[in-house]
Amino acid sequence: MHRSSIIAPYVALAFSLGFAWFMLAPLVPTLAGQLHASISSILIFVSMYGYAMVVGSIPAGLWAARRGPRPVLTFALSISAVGLLVRALSHTYALFLIGQVLAAIAYPFLIAPIGAVLRMSGVRRLRAGTGMTIGALFLGMGLSALTSAHLSLSGALWLGFALNALVGIWLLVALRRLPPVAAHTGFRVRLTYSPWWLVGFVVSSTSVMFGGITSTALTHLHVAHAEALGGFLSGLTFIGSAVGAMVFGALAEGRSRPKPIIAVLAVLTWVCVLLMGLSLIGRAPANGTFVSIIYFLAGAFGNGWYTLALEEAAKRAEDAGSAGLNTAGYSLASNVGVAILPDAVGPMVISAPSAWLAITAALGAVAVIASLITRTRVSEL
């Protein structure tokens, strides 16, 4: 087996992880009733993956740098399967929380060191590989959010476990055929900050913020069927994110310097976010085909931009191991934004809509400017 053959099960694991994660979003009311807990307590389950990424990104990157992808991914698939099994068997809030924590821990160990995983596994089409992995994660999130509401709670949870277990076995077989990577004694792994981290911070936090406030803002505007429409628009954004990561990652593959594509995606994302913001404060149409298209395009352009910036962050590294640590740092910056911005700025869409739009637009503009003035590099890894 050629080393690059790991990409198929790796991408599939990203899909199954996203699927098991966001299947909970439509099931929050059902879970609250089943576990006799408040809605806010159940929402912690959804945000758990973001907190896990903040805590686990750097350890995951260091581990991949020093030991290679095999032990990192083996741990990720194992802990995810155990957590999802506990979750499916749970009948109390405490046990479900334990299962969700275990499942969430797999997230940073799968995604954060992606730069090292792809390079050390022999993958040569790095942008395409990054795009496929990030895209699969979002595709799993989007499809599960759209389908899990039509399943029973027990059926959805067991489906998430079964899918993860099957893909885990596939990946485990692929990993066993990879030669082990010796520990790097005295090896210096360097984390290199770059302005590309701003892109991760802004894109991730903004997308999560819109996902969290759309239904509330539409309800405030007295839009018909606001909750259903908000869920539909959020699902479209996830699907668009999957398409954008895959398409633009592949499109940029043959270019030594993808700066023009990054610049165009940055500007188009900012325009879409501005139009979305205007719709949520009542200064643009808040329903209909136009808004649906804008939400889809915001996901596609935004995650294409995010994916290419992630690969540029990895290219700042001096070696394959440090590339994984750099993408871990990028993921850390992204999820710090997710932890801060939605709660700090999101409620202003109701209390101070003009100020909310100004802050959102300004944050986007900072990331756009950073993308325009930061030089891209030719990877030597």
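The values are calculated or read from the model by the stated rules, or taken from the named source; none is laboratory data. Not measured: the values here are computed from a predicted model. When we count neighbours, we look across all protein chains shown, and the Cβ atoms used for this are built from the backbone with ideal geometry, even at glycine. We work out accessible area using only protein heavy atoms, side chains counted, and drop any ligands, DNA or RNA first. Shrake-Rupley method; radii C 1.70, N 1.55, O 1.52, S 1.80 Å.
Quick one: what are the phi-derived ³J(HN,Hα) couplings along the range 18-28, Karplus 6.51/-1.76/1.60 with θ = phi - 60°, whole Hz, x for glycine and proline?
Once rounded to whole Hz, the list reads x, 5, 5, 5, 8, 5, 6, 4, x, 9, 4.
Expected output is a single nm value to one decimal: the length gained when fully extending between Ser5 and Val28, i.e. 0.36 nm times separation in residues minus the C-alpha distance. What is it?
4.5 nm
At 25 °C and 0.890 mPa s, what whole-number value in µm²/s does Stokes-Einstein give for the translational diffusion of the chain, with Rh from the Kirkwood sum over Cα pairs?
The Stokes-Einstein estimate is 119 µm²/s.
For the range 190-380, just the Cα atoms, rotate onto the principal axes and tell me the three extents in Å, largest first.
54, 30, 24
What list of ³J(HN,Hα) couplings, whole Hz, do you get for the range 212-227 from phi and the Karplus terms 6.51, -1.76, 1.60, once you set θ to phi - 60° and write x for glycine and proline?
Per residue, the Karplus-derived 3J(HN,Hα) values read x, 10, 4, 4, 5, 5, 5, 5, 4, 8, 6, 6, 4, 6, 4, 5 Hz.
Which value, in Å² rounded to 10, gives the accessible area of Phe296 with a 1.4 Å probe and all protein chains present?
60
Once you place label points 7 Å from the Cα toward the Cβ at Val271 and His150, how far apart are they in nm?
Computed distance between label sites Val271 and His150 equals 3.5 nm.
Which listed residue (Ile39, Pro258, Ala228) has the Cα farthest towards the positive end of the charge dipole for the chain, taking +1 on Lys and Arg C-beta and -1 on Asp and Glu C-beta about the Cα centre?
The listed residue farthest towards the positive side: Pro258.
Determine the calculated [θ] at 222 nm for the chain from helices alone, applying -39500 (n - 2.57) to every DSSP H run no shorter than 4 residues and normalising by the residue count; nearest 500 deg cm²/dmol.
Only helices count here, giving -26500 deg cm²/dmol.
If you take the beta carbon distance between Ala365 and Arg257 as r and set R0 to 22 Å, what does 1/(1 + (r/R0)^6) give as a FRET efficiency, to the nearest 0.05?
Rounded to the nearest 0.05, the efficiency is 0.40.
So if I place +1 on the C-beta of Lys and Arg and -1 on the C-beta of Asp and Glu, and nothing else carries charge, what would the dipole magnitude of the range 190-380 be about its Cα centre? I want it in debye, nearest 20.
The dipole magnitude comes to about 400 debye.
Taking Cα pairs under 8 Å and at least six residues apart, what relative contact order does the chain come out at, in percent?
27
Dipole of the range 1-178, Cα-centred, from +1 at each Lys and Arg C-beta and -1 at each Asp and Glu C-beta, to the nearest 20 debye?
Using only the charged Cβ atoms, the result is roughly 860 debye.
Given R₀ = 35 Å, FRET efficiency for Leu172-Leu89 by Cβ-Cβ distance, to 0.05?
Efficiency, from the Cβ-Cβ distance: 0.95.
Put Tyr93, Tyr330 in order of accessible area, largest first, 1.4 Å probe: what do you get?
Tyr93, Tyr330
What is the magnitude of the charge dipole of the chain about its Cα centre, with +1 placed on the Cβ of each Lys and Arg, -1 on the Cβ of each Asp and Glu, and no other charges, expressed in debye to the nearest 20?
1200
Distances over 21 Å make up what percent of all Cα-Cα pairs in the range 1-178?
Tail of P(r) above 21 Å: 45 percent of Cα pairs.
Provide the FRET efficiency to the nearest 0.05 for the Arg125-His36 pair, computing r from the beta carbons and using R0 = 45 Å.
0.35
Picking from Trp63, Ala149, Ala25, whose Cα lies most toward the positive end of the charge dipole for the range 1-178 (charges on Cβ: Lys, Arg +1; Asp, Glu -1)?
Working it through, the farthest residue towards the positive pole turns out to be Trp63.
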